[in-house]
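Shown next, in structure tokens, is the structure this report addresses.
The values are calculated or read from the model by the stated rules, or taken from the named source; none is laboratory data. Fair warning: this is a prediction, and the values are worked out from it, not measured in the lab. Note: ideal-geometry Cβ built from the backbone for every residue, glycine included; neighbour counts use all protein chains shown.
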Amino acid sequence: MASAFHVYFGPEAFSTPVEVRKIEPRDCALALKEGFDDFLAMPTHPAFLGLFYALGGIALAALSSFSNALQLIFPFAAGFALIGPFFAVGLYELSRRREAGLQASWRDAFEVFRSPALPSIIALGFYLLAIFAIWVGVAEALYVWFYGPKPPAAALPFLHDVLTTGSGWQLMIWGGLIGFCFAVMALCVSIISFPLMLDRDVGLVPAVVASVQFARENPGPVALWGLIVAAGMALGAATLFIGFAVIFPVLGHATWRLYRRAAARETSREALIETSDWPGLAEIPALKPLWTFLDLSYFLREKKPSLKD
């Protein structure tokens, strides 16, 4: 088990601080383009991972509906982006392997479970989850403040009331402002920290410090990146979360590409995770049909050029 010191400060502690770069807004557009190229080059397994994200959003919305908490559907959808960087770690590994000229399959997305940086990644994931939970709690408190403890009876009347009454507009304005503060905090903390920990195992604290420093030195590009993510999340929510199956993988790959522009390379500290055949995971009976489907789709996609010949 990794020591607490390793989790928070990495194996090299403070001896090698991370150097972050100044970037331009066009770097955000280029990172997004490269992320889309990664998605097109590896469509099956990223879409599979994105499907989990879409199903997670649908499950949260359904849970809100069945628990008489319709007022929390939007906070759930908006706050879901706060924890997205943690669930995209497997996509970072796929982009890293493709960038290195190595073949990447869906199995490589799960290699992050063998990364020495996994404890640090999980620790930061818990911090983001705490921010998400606080945001949902604040959203519920705002609703109670403006509407009282009684939950809305149905979605359409509640939506009509929010859009056409003074209380509804106050709820949206205050909720939007407070949510914006939570989003800025999460963005500054996580914009490059997860890829950095995966790439170099620097520990949680140096990764967060580098991420915040990058945000402080590049306010314009970071704000633009936040808008890109927000637009993607809004589009995904507007499609009843189904759009996340594509949007989430693209943003995940693009985040890795943005990280490459944000942090100066140190190849001596970068190490790919050694692949394995994952015998334990593959032997789970309930998951065998899924692994077979993914392996078959990967085989057909890779053999497509030869079939044409």
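Is it the case that the range 109-116 has a residue that's free of Cβ contacts under 8 Å to residues at least 24 places away in the same chain and within 25 Å of LEU227 (Cβ to Cβ)? No, because not a single residue in the range 109-116 is free of Cβ contacts under 8 Å to residues at least 24 places away in the same chain and within 25 Å of LEU227 (Cβ to Cβ).
Yes/no per residue for (1) within 21 Å of the chain's Cα centre (by Cα); (2) at pLDDT 90 or above; (3) over 30 Å from PRO206 (Cβ atoms):
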| site | (1), (2), (3) |
| --- | --- |
| ALA104 | yes, no, no |
| ARG114 | yes, no, no |
| LEU128 | yes, yes, no |
| ILE134 | yes, yes, no |
| PRO151 | no, no, yes |
| LEU156 | no, no, yes |
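Results for (1) in contact (Cβ under 8 Å) with a residue 60 or more places away in the chain; (2) over 17 Å from TYR92 (Cα atoms); (3) in a helix (DSSP H, G or I), shown as yes or no for each residue.
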{"site": "ILE178", "(1), (2), (3)": "no, yes, yes"}
{"site": "ALA186", "(1), (2), (3)": "yes, yes, yes"}
{"site": "MET197", "(1), (2), (3)": "yes, no, yes"}
{"site": "VAL205", "(1), (2), (3)": "yes, yes, yes"}
{"site": "PHE214", "(1), (2), (3)": "yes, yes, yes"}
{"site": "GLY220", "(1), (2), (3)": "yes, yes, yes"}
{"site": "LEU224", "(1), (2), (3)": "yes, yes, yes"}
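Close contacts from the range 238-262, counting a first residue that is without any contact (Cβ under 8 Å) to a residue 60 or more places away in the chain and a second that is surrounded by fewer than 24 Cβ atoms within 10 Å (Cβ to Cβ), with Cβ to Cβ under 7 Å and a gap of 6+ residues or different chains, come to none at all.
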